[in-house]
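Participant: So that we are looking at the same thing, I have put the structure below in structure tokens.
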Amino acid sequence: MYLLGIDVGTSFIKFSLVDSATQKNFVTVQYPDVENKIISKQTGWAEQSPNTWWEQVQQGILKLHAAALKQNSKYDPQSIAAIGIAYQMHGLVLVDKNQVVLRDSIIWCDSRAVDYGNKAFEAIGNENCLAHLLNSPGNFTAAKLAWVKENEPSVYSQIHKIMLPGDFIAMKLTGEITTSISALSEGIFWDFINKEISKSLLSYFGFDASLFPTIQDVFSNHGALQASVANLLQLKTGIPVTYKAGDQPNNALSLNVLSPGEVAATAGTSGVIYGVGDILSYDQQSRVNSFAHVNHTSNNNSIGMLLCINGTGILNSWVKKMIGVNYDYNQMNQAASAIEAGSEGLKIFPFGNGAERIFNNKILGAQFSGIDLNKHTAAHIFNAAQEGIAFAFRYGLDIMRENNLQPSIIRAGFANLFLSKVFSNAFVNATGVPVALYNADGSVGAAIGAGIGSGIYKDAKDAFSDFKPLQIIEPTKTKEYDALYQDWKIQLEKQFLNN
């Protein structure tokens, strides 16, 4: 019996089959073969087509079947028992009463709604927002919906339901539209004190409560696979979707980060550190954000404190496209490893992917500094980019430390930038925190979540009974990297933050 996990990322959609008996990943594929583009009609805008996601989900599931048959000729798609979905957070999907998409999704790194969120923060009241929503409305889903309401009234008037990206994929699979406290909190719609959709926010923006789907627990039955879809995808009619979560809470689940004090990290398109607590905590400046974790319920506080840096892996991808076009990522990492720490004075600041929360939603742009045209090579740029990303993590982690998150170890999947020794060593030495690397990723986490939600696993302890790290990387050069970081930080604050 298998569990199907779907992870709707920004660049790719990943699919995994997990053997429910062994908890092991049977096969993983991604679709498409080239990175999805972000539609940017104006500076600071970022959109993607939900219909494209759905087409890719269908093609990806068929690709997964083919890969599974190569692994085992006896594989039967009819043996899939439950489906779990992870998705890029904070995106806005709008459908009409016929479940037809009304416009492209305004995704997580879009910056157009910053002013809408800032005005709401002041009008509703800073302390009121922080105490009830745990965040400023900022640049999240609620503010994006407000932008549509004001700028596209004909679209807004047709809205039947608003959704996060994962809700949309579940709708296409099942025909049902549901959401969760976790999803509503990441959109900054949820009032944690009154345990309901925020009446203050609805009143300020003029949103009708009927726009929101039925609220269910993350681990619950969100609908059964429709016969028409099942036939197209060679699946069994009625398979339940039993888990939906944003990519970062899901990444934490995939690393068995569910209890207070446990911390996860990921370094994909964006960079994230995610720590779990059991109190309603928030940052006074909303530079890091608190959301309901996957195991949060009305009766049990489980809060994920999330540091997000928009510009991390996307910088590494940009460097490959523009400078490392003749390299694959492994060759880039090998070339970078031949360069001494500090990249001989070359510094790169990776903040070129929209408004950065850690800088109070300023748009800094990515910056290169100290290029010596007679000395620096492509390898120096590869190295400096990964160091700059690691230093951005350190900058954000220090904000989390101000908010009483003091990790003794950070768990991460052995994927993306953590495949690079240059980045991994810079990360642990700059932060001073060991990293435990696991064979885990988002689509596998979504599959495990489906197993928990369907009752195949009694609980998370049962689901992760054989979960062990591949390796633990310890800091060995903290003084050297701290000095490099402090130099990087001084230039960042003087040149870009006007401090």
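The values are calculated or read from the model by the stated rules, or taken from the named source; none is laboratory data. Treat the numbers as computed from the prediction; the structure is a model and nothing was measured. In this analysis, Cβ positions are derived from the backbone assuming ideal geometry, glycine residues included, and neighbour counts consider all displayed protein chains. Each accessible area value is taken on the protein alone, full model and side chains, heavy atoms only, with ligands, DNA and RNA left out. Shrake-Rupley method; radii C 1.70, N 1.55, O 1.52, S 1.80 Å.
Participant: Among the residues of region 323-349, write down those that are of a type in the set (Gly, Ala, Ser), in a helix (DSSP H, G or I) and open to solvent by less than 30 Å² (accessible area, probe 1.4 Å).
Facilitator: ALA335, ALA336, SER343 - these are the residues of region 323-349 that are of a type in the set (Gly, Ala, Ser), in a helix (DSSP H, G or I) and open to solvent by less than 30 Å² (accessible area, probe 1.4 Å).
Participant: Which is at pLDDT 95 or above and farther than 30 Å from LYS468 by Cα, of PHE393, PHE418, PHE382, PHE423?
Facilitator: That would be PHE382, the only listed residue that is at pLDDT 95 or above and farther than 30 Å from LYS468 by Cα.
Participant: Would you pick out the residues in region 1-24 that are over 18 Å from the mean Cα position of the chain (by Cα), crowded, with 19+ Cβ neighbours inside 10 Å and at pLDDT 95 or above? Write out each step before concluding.
Facilitator: Filtering region 1-24 for residues over 18 Å from the mean Cα position of the chain (by Cα) gives 1-4, 17-24.
Still in the running and crowded, with 19+ Cβ neighbours inside 10 Å: 2-4, 17-18, 20, 23.
Answer for region 1-24, where residues must be over 18 Å from the mean Cα position of the chain (by Cα), crowded, with 19+ Cβ neighbours inside 10 Å and at pLDDT 95 or above: TYR2, LEU3, LEU4, LEU17, VAL18, SER20.
Participant: Additional query: I'd like the residue in region 96-107 that is touching a helix residue (DSSP H, G or I) at 6+ places or on another chain (Cβ under 9 Å) and assigned to a loop (DSSP other than H, G, I, E, B) and, out of all such residues, is farthest from GLU152 (Cα to Cα).
Facilitator: The selected residue is GLN99.
Participant: Further, regarding this structure: Only one residue in GLN285, GLN248, GLN234, GLN226 is open to solvent by 10 Å² or more (accessible area, probe 1.4 Å) and touching a strand residue (DSSP E or B) at 6+ places or on another chain (Cβ under 7 Å). Which one?
Facilitator: On inspection, the qualifying residue turns out to be GLN248.
Participant: Determine the pairs where a residue that is more than 16 Å from GLY370 (Cβ to Cβ), located within region 487-499, has a partner that is of a type in the set (Phe, Trp, Tyr) and open to solvent by 40 Å² or more (accessible area, probe 1.4 Å) with Cβ atoms under 6 Å apart, the partner being 6 or more residues away or on another chain.
Facilitator: The qualifying pairs do not exist here.
Participant: To continue, here is another question. Any idea how many residues of region 57-95 are within 20 Å of HIS222 (Cβ to Cβ) and part of a helix (DSSP H, G or I)?
Facilitator: 4
Participant: Residues to consider are ASN425, ASN403; find the one that is touching a residue at least 24 places away in the same chain (Cβ under 8 Å), under 15 Å from TYR274 (Cβ atoms) and polar (S, T, N, Q). Write out each step before concluding.
Facilitator: Values: ASN425 fails: under 15 Å from TYR274 (Cβ atoms).
Exactly one of ASN425, ASN403 is touching a residue at least 24 places away in the same chain (Cβ under 8 Å), under 15 Å from TYR274 (Cβ atoms) and polar (S, T, N, Q), namely ASN403.
Participant: Being within 23 Å of the chain's Cα centre (by Cα) and open to solvent by less than 20 Å² (accessible area, probe 1.4 Å) is the filter here, so list the residues in region 202-223 that pass it.
Facilitator: The answer is PHE212, PRO213, VAL218, HIS222.
Participant: Something else now. Which condition breaks for ILE83 when tested against (1) in contact (Cβ under 8 Å) with a residue 24 or more places away in the chain; (2) open to solvent by 20 Å² or more (accessible area, probe 1.4 Å)?
Facilitator: The number of the failed condition is (2).
Participant: Right, next: So which of ASN36, ASN98, ASN51 ends up being surrounded by fewer than 19 Cβ atoms within 10 Å (Cβ to Cβ) and either small (Gly, Ala, Ser) or over 26 Å from GLY445 (Cα atoms) (or both)? Steps first, answer last, please.
Facilitator: Working: ASN36 fails: either small (Gly, Ala, Ser) or over 26 Å from GLY445 (Cα atoms) (or both); ASN51 fails: either small (Gly, Ala, Ser) or over 26 Å from GLY445 (Cα atoms) (or both).
After ruling out the rest, the residue left standing is ASN98.
Participant: I need a count of the residues in region 395-452 that are in a loop (DSSP other than H, G, I, E, B) and over 20 Å from SER20 (Cβ atoms). Give the steps one after another, and end with the answer.
Facilitator: Going through region 395-452, the residues in a loop (DSSP other than H, G, I, E, B) turn out to be 403-409, 414-415, 420, 432-434, 439-441.
Filter once more, so that each one left must be over 20 Å from SER20 (Cβ atoms): 403-409, 414-415, 420, 432-434.
Total satisfying the criteria: 13.
Participant: Here's a follow-up. Looking only at region 457-467, count how many residues are within 23 Å of the chain's Cα centre (by Cα) and open to solvent by 60 Å² or more (accessible area, probe 1.4 Å).
Facilitator: The number of residues fulfilling the criteria is 0.
Participant: Here is a check on your reading of the model: is ILE193 touching a His at 6+ places or on another chain (Cβ under 6 Å), touching a residue at least 24 places away in the same chain (Cβ under 8 Å), aliphatic (A, V, I, L, M) and surrounded by fewer than 18 Cβ atoms within 10 Å (Cβ to Cβ)? Spell out the reasoning first.
Facilitator: Working: touching a His at 6+ places or on another chain (Cβ under 6 Å): yes; touching a residue at least 24 places away in the same chain (Cβ under 8 Å): yes; aliphatic (A, V, I, L, M): yes; surrounded by fewer than 18 Cβ atoms within 10 Å (Cβ to Cβ): yes.
It is true that ILE193 is touching a His at 6+ places or on another chain (Cβ under 6 Å), touching a residue at least 24 places away in the same chain (Cβ under 8 Å), aliphatic (A, V, I, L, M) and surrounded by fewer than 18 Cβ atoms within 10 Å (Cβ to Cβ).
Participant: When you scan region 286-301, how many residues do you find that are touching a Ser or Thr at 6+ places or on another chain (Cβ under 7 Å) and assigned to a strand (DSSP E or B)?
Facilitator: Selection size over region 286-301: 3.
Participant: Give the residues of region 139-161 that are surrounded by fewer than 24 Cβ atoms within 10 Å (Cβ to Cβ) and either in a helix (DSSP H, G or I) or within 19 Å of the chain's Cα centre (by Cα) (or both), sorted by residue number. Walk me through it before giving the result.
Facilitator: If we filter region 139-161 for residues that are surrounded by fewer than 24 Cβ atoms within 10 Å (Cβ to Cβ), which is where we start, we get 145-161.
Once the filter is applied, which keeps residues that are surrounded by fewer than 24 Cβ atoms within 10 Å (Cβ to Cβ) and either in a helix (DSSP H, G or I) or within 19 Å of the chain's Cα centre (by Cα) (or both), region 139-161 yields LEU145, ALA146, TRP147, VAL148, LYS149, GLU150, ASN151, PRO153, SER154, VAL155, TYR156.
Participant: State whether one or more residues within region 308-315 are modelled with pLDDT under 95, among the hydroxyl-bearing types (Ser, Thr, Tyr), open to solvent by 10 Å² or more (accessible area, probe 1.4 Å) and not in a strand (DSSP E or B).
Facilitator: no
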